[in-house]
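All remarks here apply to the structure that follows.
Each reported figure results from applying straightforward, stated rules to the coordinates on display, with no laboratory input. Computed from a prediction, not measured in an experiment: that's the story for all the values here. Ideal geometry is used to build each Cβ from the backbone, glycine not excepted, and the neighbour counts take in all protein chains shown.
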Amino acid sequence: MTKSDYFSEEQKQTARMAKALSHPVRIAILQLLKTQSVCYHGDMAEELPIAKSTLSQHI
């Protein structure tokens with residue numbers, strides 16, 4: 001048995017999602033999207049203090 005065999009699929013999936021969100025820029029993107037009805041990539045780059053390429057990478 002490996003270590004991962006001790007954990008449920010739900011626990012593994014939750015860990016994968018948490019890892020995907022584990023950067024402050026990604027959290028900021030989600031918070032921005034939550035407040036917008038429509039949002040374009042260019043608009044997001046103007047709202048967040050990061051370069052467009054960095055935004056694109058995190059999306």
TODO: With a bin width of 10 angstrom, please list the P(r) values of the chain as percents of all Cα-Cα pairs, from the 0 bin to the one holding the largest distance.
DONE: 20, 39, 21, 15, 5
Open item on the list: What is the angle, in °, between the Cα long axis of helix 9-20 and the longest principal axis of the Cα atoms in the chain? Nearest 10 is fine, range 0 to 90.
Closed with: 30 degrees
TODO: Might you report the magnitude of the Cβ-based charge dipole of the chain about its Cα centre, with Lys and Arg at +1 and Asp and Glu at -1, to the nearest 20 debye?
DONE: 180 debye
- [ ] Let me have the 222 nm mean residue ellipticity of the chain computed from DSSP H runs of 4+ only, each contributing -39500 (n - 2.57), with the sum over all residues rounded to the nearest 500.
- [x] -18500 deg cm²/dmol
- [ ] Would you please give the FRET efficiency between residue 30 and residue 52, computed as 1/(1 + (r/R0)^6) with r the Cβ-Cβ distance and R0 = 22 Å, to the nearest 0.05?
- [x] 0.75
Open item on the list: Between 0 and 90 degrees, rounded to the nearest ten: what's the tilt of helix 24-35 against the longest Cα principal axis of the chain?
Closed with: 60 degrees
